[in-house]
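Heads up: the structure comes next, in structure tokens.
The values are calculated or read from the model by the stated rules, or taken from the named source; none is laboratory data. Just so we're clear, the structure is a prediction, and the values are computed from it rather than from any experiment. All Cβ positions, glycine included, derive from the backbone under ideal geometry; neighbour counts span all protein chains shown.
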Amino acid sequence: MDNLLLTPNVFAKLIVMNLGRDLFVCKNMCHDVTPEFTNKKNPIGASVMVRKPYRFSVSKGLGYQPQPIVDTQTPVTISQVAQVSYDWDSIERTLQIRTGDAMTGKQFNGLNDLFAGPAAVALASTINAEAATFVADNTANNVGTLGTPPSTQDSYLKAGDYLVAQGLPNEEQKNLVLIINRRMSTAFINGTVGYYNPQNVISKQLEDGEMVPRLMGYKIEMDQTINRHSNGIYSGTPLCNGATPQTAAGGNNATMNLNTDGWGAGVSQLTKGTKFTIGSASSATIGGVNSVHPQTKKDTGYQQCFTVLADTSDSSGAMATLPIYPAITPATVDAQYANVTGGAVDNAIITVVGASAVTGDQGLLMHEQAFAFVSVPIVGPDPGEGATVAEINDEETGIALSLIKAFDARTRTHIHRVDVLYDFARLYGELACVIQG
């Protein structure tokens, strides 16, 4: 064991190996942005701009009709640090550091059982839960009923329908990943137990007690750290409030503030990640703000859903300004990046997804290009500064791990710390969908 303790590179590799088993959300996000950070020594809080491909609209007729070339860039900032640290003094190392279980006599499998595994589980649980929450909060598309796990294929298949309507290419549909927890899996199995075909799938699910690894055209991942969302407390008949239709340029690449009123008396609060749709002034579902296909700009027949980007409250209940994604962008405002049929007219009816104060799970259907996960090693001490450093990068998960081992001679303390510098960013948020459960 002493020899292993002196090789932090081995220890770091063991932690990354364990992390890779649990980072199901992170490993299904885009890792292409990471090289932009690793090419230079970036401090915590550094940002890079990711440029998206241009999108043009089609003109009719022979007349020359040039369009402006507009750069669409997404800022990616890396600012979060997760850490596991521990130490022991020379006496503890001599007498107390365990190499086996005294009760059972079982020997630990070196550092993997004793330290690397527990450190990895702690880091993975934190980072992956944050990734799941980030994706859920920054995804507008959603299906299902918050608080009620889907028990049939309908919600899951409809989630894929939304992504195709948002422009997901046919050849990319096979690359969609569905991430759910055990509770959602159980509801699905119970609801489909009476299906007759295919028998091998039904039998496999009944034997294992969870959804098979590939189903409904999706790759299935089971993850217990997916987001649980709680709606705020609200009442009344919320409406859009603006003398002219509220719009903004940029479409799915942008955000905006939406002015509303009509909330019930007392405190009205919408929590970050709460979803809603916008109808017309006379109907909650007909004639309101529908999504359009990004290339043809034709009405998809689906109401555009929006997500609230920050907790918002109003003690009067009369007026609230909601920061939302995506921006409400009809073709009359921005032809190249139009994402809806029209603006939010005055007194258009707002329908919040889920009842007031309800809580539920949020599964995710996502393409890897929907969101980015960035992780780079933190700059360590220079040689001769009394520390041993290991840096490990795992290509599958995108995780970059830094391990420092040092000895404080003043207190005879052996110091260990494992750090991960990371962050998330929305790239093509329209290529993800939340499954309420």
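Go through the residues of segment 60-82 one by one and say whether even a single one is closer than 20 Å to Phe134 by Cβ and either in contact with a Pro (Cβ under 9 Å, 6 or more places away or on another chain) or modelled with pLDDT under 65 (or both). There is no residue in segment 60-82 that is closer than 20 Å to Phe134 by Cβ and either in contact with a Pro (Cβ under 9 Å, 6 or more places away or on another chain) or modelled with pLDDT under 65 (or both). For segment 221-260, the candidate set comprises residues that are under 14 Å from Leu309 (Cα atoms) and of a type in the set (A, V, I, L, M); within that set, the residue that is modelled with the lowest pLDDT is Ala254.
Every test in (1) exposed (fewer than 13 other Cβ atoms within 10 Å of the Cβ); (2) modelled with pLDDT of 75 or more; (3) closer than 19 Å to Asp419 by Cα is passed by Lys41 save one, and that test is (2). Number of residues in segment 137-174 that are in a loop (DSSP other than H, G, I, E, B), without any contact (Cβ under 8 Å) to a residue 60 or more places away in the chain and farther than 22 Å from Ile189 by Cβ: the value is 1.
Does at least one position in segment 179-193 carry a residue that is part of a helix (DSSP H, G or I), over 27 Å from Ala355 (Cα atoms) and at pLDDT below 90?
Let us first name the residues in segment 179-193 that are part of a helix (DSSP H, G or I), namely 182-192.
Narrowing the set further to residues that are over 27 Å from Ala355 (Cα atoms) leaves none.
Within segment 179-193 (the criterion being part of a helix (DSSP H, G or I), over 27 Å from Ala355 (Cα atoms) and at pLDDT below 90), the answer is no, since none of the residues qualifies.
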